[in-house]
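The values are calculated or read from the model by the stated rules, or taken from the named source; none is laboratory data. Computed from a predicted model, the values in this text were never measured in an experiment. Cβ placement follows ideal geometry from the backbone for every residue including glycine, while neighbour counts extend to all protein chains displayed. Quick note on the areas: whole protein, heavy atoms, side chains included, nothing else; ligands and nucleic acids left out. Shrake-Rupley method; radii C 1.70, N 1.55, O 1.52, S 1.80 Å.
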Amino acid sequence: MAQPTDDARHGHAEREAARRRVRANWLLSAPALAMLAFAASGPLLIMLVYSFLTPGDYGGIVWKFSGEGWFQVLFSRDIFDETVGLADAHLTIFWRSLELSILTTLLALVLGFPTAYFIATRPREQRALWLFLVTIPFWTNLLIRTFAIMELIRNEGVINSILLWLGVIDAPLQMMFTEGATLVGMAYVYLPLMVLPLYAAMDRLDFRLVEAGYDLYATRLQVLRKVILPLVKPGVIAGSILVFIPSLGAYVTPRLLGGGRNMMMGNFIELQFGQGRNWPLGAALSITLLLVVMLALVVYVKNANKGGAGHG
Amino acid sequence: MTRTVKAIGAAAAMTLVAAGPAMAEGTLNIFNWGNYTNPDLIEKFEQAFDVEVTITDYDSNTTALTKIKAGGHGFDIVVPSASYIPIYVRDGLLMETRPDQMENFKHVDPRWIDVDWDPGRHYTVPWQWGTTGVAVNSAVYSGDPNTADIFLDPPEELVGKVNVVPEMSDVMSIAIMAEGGEACTTDKEILKRVRDKLVAAKPKWISMDYGATEKLAIGDWAASVNWNGSTFRARLENPDVVYGYPKTGYPVWMDSVAVLSDAQNPEMAKAFQNFVMDPENAALISSFARYANGIMGSEQYMPADMKDAPEIKVPEEFASVGVFVPECPPEAQKLRTAIWTELQK
């Protein structure tokens, strides 16, 4: 075998081409990777470093190592008797954020699923228009939309005025500054993030399978559960993730619609960097939030995949 | 027309000096609280000194201090609150411009000269000052508004209708003083009572939010911890709104104009300090944001509705209980933050 066989030569050339392709791919992604390294990892690293430093007397940090920031995430010294206990204030705030995010995701799913189904079942030439309508709210700044919602639900607002005028109620309903207002506001804000991936999944859905389901005497509910849902599952997952993550850090909506009486994680972190003057704790809390989100995602995606394989 | 010419001229000048330092000689960069600077005042200054003025907003003392400490900001002037000025001076961030030797210094009300945060006024000149008290809609509650109990123990009529602005320093100070403590106390007996009182009062509040001017005027809230100038503006919209001075003590604050030690245009910045001490110009500041200014003789140039406004003119009986709250030392601040977190959990 002095000379390589044709096969081997061929294999060699193919490997060479593959290597070149890989190199080209790396080169092409280099700008994006550099951007990510710079704009995403950079600040995160700074946060990580800050979380291990000592708070400055008037905000900022002092370059002296301290584990106090991380200690305070979970534990607190009682200010009155100095006993160390679980930081129940932090856990309460964290749980409230988590609860709100889960409810927001569920509400967005309940509202978004029929919407996406509706769009996916329109004639092809109409769909672009419907999708376009879904994205319209994105054109307007979040703050302005939130203020507009306040105009609707405040005591002297549009809804109360109409109901009073119709005689349905005789005193204004207190809708603003309630948890319900926050929830509806959040679901509204993030709804497009749910509809778009759901639509993308339903667009690929082969509706002949749905018809087949009916032909085989499946009820509507069975078709939904056994045919449609498994097929659009990737869309449900993607949409849920897209809604859940920003909800967890939401800041403006809970403050404006909920009245800010009960803190959310986002507000709590802001407090540490602002009036609380405890940057290391703020940094540690941010990273904790990040880790929890990552953990939740990993578990969620893993479970979802397992479920998908079972159906496959 | 002149503005267009100016703009074109400026653009041409920019092109010419594009290779050199970006700072043109004739600019003054002001860093001030949002919605706080009268555009008429700025226009007048621009015309008098043939200079371009830029204004950048901030929303809290901490934000401003952090940005300035970071450097590279390009600002000439900042307007910090009294409690923050010693921190700026300590960190060497301010230029000692000696306003006390400036021409218009004679107009400064003697009350505002030998102040704790800048004795003799070697660094700063008064911008505006005000108080933090309570605003009450008298159509809902007609009792005495001059008490911290409006939010610490709301009367029946106000339960579920009171807002508390989420401004830790102001709220904690009023609550601590209502329990007989000094604003920055570390006395745990007092702080415990304060915590219990706040936690017990919270279910009777409707929200902890900003934006009181509009929400009091419209009627979203029947009462709120609020600033005097904001309450004044609310009253102009809704005559039922009254301002109360908690008789157990309330915070007084002042924001002052300072020149940064790394100012790009210190001469122009000093000229601005002198400029705002002129009574006519000080009146422009007040007629916009609706707070008093500390310059004698400015009243005559103010809008008629400001002269006897009860929100601006502190009644004799409450004048002595107003307290300048310093930025609390770290130990006191830690306790305050812990109570504040407990309150909002």
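Checking each residue in region B:209-230 for being β-branched (Val, Ile, Thr) and open to solvent by 10 Å² or more (accessible area, probe 1.4 Å) picks out B:Thr213, B:Ile218. If only residues of region A:256-267 that are touching a residue at least 40 places away in the same chain (Cβ under 8 Å) and out of contact with any Lys or Arg (no Cβ under 9 Å at 6 or more places or on another chain) are counted, the one that is farthest from the other protein chains (Cβ to nearest Cβ) is A:Leu257. Where residues in region A:163-179 are outside any loop (DSSP other than H, G, I, E, B) and either within 14 Å of chain B (Cβ to nearest Cβ) or at pLDDT 95 or above (or both), which of them is most open to solvent (accessible area, probe 1.4 Å)? Across region A:163-179, the extreme among qualifying residues is A:Glu179.
Among the residues of region A:230-255, those that are within 14 Å of another protein chain (Cβ to nearest Cβ) and buried (at least 24 other Cβ atoms within 10 Å of the Cβ) comprise A:Thr253, A:Pro254. Tell me which of these B:Arg233 doesn't satisfy, since it passes every other one: (1) more than 11 Å from chain A (Cβ to nearest Cβ); (2) open to solvent by less than 10 Å² (accessible area, probe 1.4 Å); (3) in contact with a helix residue (DSSP H, G or I) (Cβ under 8 Å, 6 or more places away or on another chain); (4) of a type outside the set (Phe, Trp, Tyr). In the conditions (1) more than 11 Å from chain A (Cβ to nearest Cβ); (2) open to solvent by less than 10 Å² (accessible area, probe 1.4 Å); (3) in contact with a helix residue (DSSP H, G or I) (Cβ under 8 Å, 6 or more places away or on another chain); (4) of a type outside the set (Phe, Trp, Tyr), B:Arg233 misses (2) alone. Can you tell me which residues in region B:256-272 are assigned to a strand (DSSP E or B) and not aliphatic (A, V, I, L, M)? Correct list: B:Ser256 only. Taking first residues from region A:191-208 that are at positive phi and open to solvent by 40 Å² or more (accessible area, probe 1.4 Å) and partners that are of a type in the set (D, E, K, R) and in a helix (DSSP H, G or I), no Cβ contact under 9 Å between residues at least 6 apart in sequence or on separate chains turns up. The set of residues in region B:273-287 being over 17 Å from B:Tyr36 (Cβ atoms) and either in a helix (DSSP H, G or I) or open to solvent by less than 10 Å² (accessible area, probe 1.4 Å) (or both) consists of B:Asn274, B:Met277, B:Pro279, B:Glu280. Identify, please: which residue in region B:166-208 is more than 18 Å from B:Ala332 (Cβ to Cβ), crowded, with 23+ Cβ neighbours inside 10 Å and out of contact with any Asp or Glu (no Cβ under 9 Å at 6 or more places or on another chain) and is, among those, nearest to the other protein chains (Cβ to nearest Cβ)? Among those residues, the one meeting the criterion is B:Met208.
When restricted to residues that are open to solvent by 10 Å² or more (accessible area, probe 1.4 Å), within 14 Å of chain A (Cβ to nearest Cβ) and not polar (S, T, N, Q), region B:306-334 contains 7. Scanning region B:155-165 for residues that are more than 10 Å from chain A (Cβ to nearest Cβ) and either surrounded by fewer than 21 Cβ atoms within 10 Å (Cβ to Cβ) or over 27 Å from B:Ser60 (Cβ atoms) (or both) yields B:Pro155, B:Glu156, B:Glu157, B:Leu158, B:Val159.
For region A:17-33, the criterion of being surrounded by 11 or more Cβ atoms within 10 Å (Cβ to Cβ), under 29 Å from the mean Cα position of the chain (by Cα) and closer than 30 Å to B:Pro80 by Cα is met by no residue. For region A:83-102, filtered to residues that are of a type in the set (A, V, I, L, M, F, W, C) and within 13 Å of the chain's Cα centre (by Cα), the residue that is nearest to A:Ile269 (Cα to Cα) is A:Leu98. With respect to the conditions (1) within 21 Å of B:Glu167 (Cβ to Cβ); (2) surrounded by 15 or more Cβ atoms within 10 Å (Cβ to Cβ); (3) not basic (Lys, Arg), B:Ile77 lacks only one, and its number is (1). In the condition set (1) more than 28 Å from B:Pro251 (Cα to Cα); (2) charged (D, E, K, R); (3) modelled with pLDDT under 95, B:Asp57 is compliant with all but (1). Farther than 16 Å from B:Ala263 by Cα and hydrophobic (A, V, I, L, M, F, W, C): does that describe B:Ile77? Against the criterion (farther than 16 Å from B:Ala263 by Cα and hydrophobic (A, V, I, L, M, F, W, C)), B:Ile77 does not qualify. Take region B:147-166 and flag every residue that is in a loop (DSSP other than H, G, I, E, B) and more than 21 Å from the chain's Cα centre (by Cα). Matches in region B:147-166: B:Thr147, B:Asp153, B:Pro154, B:Pro155, B:Val159, B:Gly160, B:Lys161.
Which one is nearest to the chain's Cα centre (by Cα) among residues in region A:271-312 that are assigned to a loop (DSSP other than H, G, I, E, B), at pLDDT below 85 and crowded, with 16+ Cβ neighbours inside 10 Å? Among them, the one singled out is A:Gly274.
Residues that are within 14 Å of chain A (Cβ to nearest Cβ) and in contact with a helix residue (DSSP H, G or I) (Cβ under 6 Å, 6 or more places away or on another chain) do not occur anywhere in region B:290-299.
Here B:Val242 clears all of (1) β-branched (Val, Ile, Thr); (2) open to solvent by less than 40 Å² (accessible area, probe 1.4 Å); (3) part of a strand (DSSP E or B) except the condition numbered (2). Quick check, is B:Asp305 at pLDDT 95 or above and under 21 Å from the mean Cα position of the chain (by Cα)? It is false that B:Asp305 is at pLDDT 95 or above and under 21 Å from the mean Cα position of the chain (by Cα). Is it fair to say B:Asp170 is at pLDDT below 95, in contact with a strand residue (DSSP E or B) (Cβ under 7 Å, 6 or more places away or on another chain) and more than 17 Å from A:Gly258 (Cα to Cα)? Yes: the conditions hold for B:Asp170.
Apart from one condition, B:Ala19 fits all of (1) at pLDDT below 95; (2) open to solvent by 80 Å² or more (accessible area, probe 1.4 Å); (3) not in a loop (DSSP other than H, G, I, E, B); the exception is (3). In region B:34-51, the qualifying residues are those that are exposed (fewer than 14 other Cβ atoms within 10 Å of the Cβ) and acidic (Asp, Glu), and the one that is farthest from the other protein chains (Cβ to nearest Cβ) is B:Asp50. Highlighted here are the strands (runs of 3 or more DSSP E) found entirely within region A:34-112 that include at least 2 residues which are open to solvent by less than 70 Å² (accessible area, probe 1.4 Å) and touching a Lys or Arg at 6+ places or on another chain (Cβ under 9 Å): A:53-55.
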